[in-house]
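Sharing a structure, written as structure tokens. Questions coming.
The values are calculated or read from the model by the stated rules, or taken from the named source; none is laboratory data. What you see is a predicted model, and the numbers here were worked out from it, not measured in a lab. Cβ coordinates were reconstructed from backbone atoms using ideal geometry, including for glycine residues, and neighbour counts include every protein chain displayed. To get the accessible areas, we keep the full protein, side chains included, count just its heavy atoms, and leave off ligands, DNA and RNA. Shrake-Rupley method; radii C 1.70, N 1.55, O 1.52, S 1.80 Å.
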Amino acid sequence: VIEKFWDLVILPTLNDHVSNVSADMGFMVFQESVLRGNRYVKLGFPKGTLDEVIAIPGSKFIENNGGNIYLGNSVIKLLYEDNKISTVELRDGTKLSADIIISAIPSNSLYNILPDELQSHKSFSILPKIEHASIVNIHIWLNTKIMNDQFINIIDSPLQWIFNKSLQDNKDQALDISISDSKNLLQKTTAEIIDLVFSELKDIFPRFNINFVEKYKIIKERKATFRCTPNSKKYRLTNISPVDNLYIAGDWVDTGWPSTMESAALSASNVVNEIESNNKNK
Ligand SMILES: Cc1cc2nc3c(=O)[nH]c(=O)nc-3n(C[C@H](O)[C@H](O)[C@H](O)COP(=O)(O)OP(=O)(O)OC[C@H]3O[C@@H](n4cnc5c(N)ncnc54)[C@H](O)[C@@H]3O)c2cc1C
């Protein structure tokens, strides 16, 4: 029952086995994804890459509204003065300043760019306690179609979920295999992982043949999501930081949601509301 029912929902949504997650977050996921009813919840996956669906339209929106985007030039330090972030320093030495700074980077990245006096502040010193879990994605391009469904979940297989990324009438096929909480695979070599995948594909799709494989790519995301273990909620910060002009967004902020795009979007919307209401009160 644990593997075939609870983990079917918990593993892909919380990226952890049900035995490791906080009951609070586990119930929240069931409440939102199963019990709310199908008028509220739809299972879906993007038709294009996330770049096409989110990043490119997002960048255009920012630039069309007068914003600048600095790519490949990460923030290496936040400088701090009079309880404000005075300067944001980029890798190439560029120094930026602004009335309001919104951090939208992962918790460990934010911790790394904080000045020493903020790293030891009680609000931020807990950030290294936020744990992360991995996801391994295996992309396989085949010259022959083996799967008709858009996506399937395989119980009793380490492959977990397989997404069909090809159009229905294509003769060839691109598959994306997504393996949550994949710590067992992180130490394995590419050859070991692909041997396992091919042998599982043969069991799942008896007509699968290694000669169908045109190419494949394995992506190991070691810190794919933050973990929702018991007590982890106390390490999630609020949008408002103890620094006057610093606000915090990101899926790991305390939105009540697990490490998902919903949480990231909600945290961003909450930051905007906070800033607007602060401006009104001034
Ligand atoms: C393989 C995988 C599959 C997933 N599947 C799903 C799913 O199906 N559904 C779902 O809802 N969620 C999924 N997630 C989780 C989802 O991607 C995250 O919850 C979401 O991206 C978090 O958004 P964010 O804006 O908080 O952070 P991120 O998307 O992590 O964005 C943070 C950005 O900050 C940048 N950054 C870091 N440090 C610095 C720095 N010093 N200076 C400048 N920039 C910096 C990073 O490069 C990154 O672009 C998945 C995650 C992974 C890895």
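In nm, to one decimal, how far is the modelled label at VAL1 from the one at SER123, with both set 7 Å along Cα→Cβ?
Distance between label points: 4.4 nm.
Also, I was wondering about something else. Can you work out the Karplus-derived ³J(HN,Hα) for every residue in the range 127-136? Use 6.51 cos²θ - 1.76 cosθ + 1.60 with θ = phi - 60°, whole Hz, and x for glycine or proline.
4, x, 7, 6, 8, 10, 10, 9, 9, 10
Work out the length of the dipole vector of the range 136-222 about its Cα centre, built from +1 on the beta-carbon of each Lys and Arg and -1 on the beta-carbon of each Asp and Glu, and round it to the nearest 20 debye.
220 debye
Tell me, what are the semi-axes, in whole angstrom and largest first, of the equivalent ellipsoid of the range 1-44 as set by the roots of 5 times the Cα gyration tensor eigenvalues?
Semi-axes, largest first: 18, 11, 9 Å.
Mind putting a number on the dipole of the chain about its Cα centre? Charges go on the C-beta only, +1 for Lys and Arg and -1 for Asp and Glu, and I need it in Debye to the nearest 20.
The dipole of the chain has a size of about 200 debye.
Using only DSSP helix segments of four residues or longer, with each worth -39500 (n - 2.57), what per-residue ellipticity at 222 nm results for the chain after dividing by its residue count and rounding to 500?
About -8000 deg cm²/dmol.
Okay, next question. Can you figure out the FRET efficiency of ASN279 with GLU81, using R₀ = 22 Å and their beta-carbon distance, to the nearest 0.05?
0.50
By how many nm would the segment from THR260 to LYS223 grow when fully extended, if each residue of separation counts as 0.36 nm and the alpha-carbon distance is taken off?
12.0 nm
While we're here: What nm value, rounded to one decimal, do you get for the distance between GLN150 and ASN231 when each label is placed 7 Å out toward the C-beta?
4.2 nm
Could you sort LYS220, LYS282, LYS42, LYS234 by their accessible area in this structure, using a 1.4 Å probe and putting the largest first? Walk me through the intermediate numbers first.
Numbers: LYS220 70, LYS282 190, LYS42 165, LYS234 125 Å².
Solvent-accessible surface, decreasing: LYS282, LYS42, LYS234, LYS220.
Which whole-number value in Å² is the accessible area per residue of the range 132-226, probe 1.4 Å?
For the range 132-226, the solvent-accessible area averages 55 Å² per residue.
Which whole-number percent is the relative contact order of the chain (Cα, under 8 Å, 6+ apart)? List each step's numbers first, then the result.
On the way: 418 pairs, mean separation 58.3, N = 282.
So the answer I get is 21 percent.
Okay, next question. Given the convex hull over the Cα atoms of the chain, what projected area results after averaging over all orientations, in nm²?
Average projection, Cα convex hull of the chain: 18.5 nm².
Here's something else I'd like to know. Under a plain spin-label model, where a point goes 7 Å from the Cα along Cα-to-Cβ, how far apart in nm are ALA23 and LEU186?
2.9 nm
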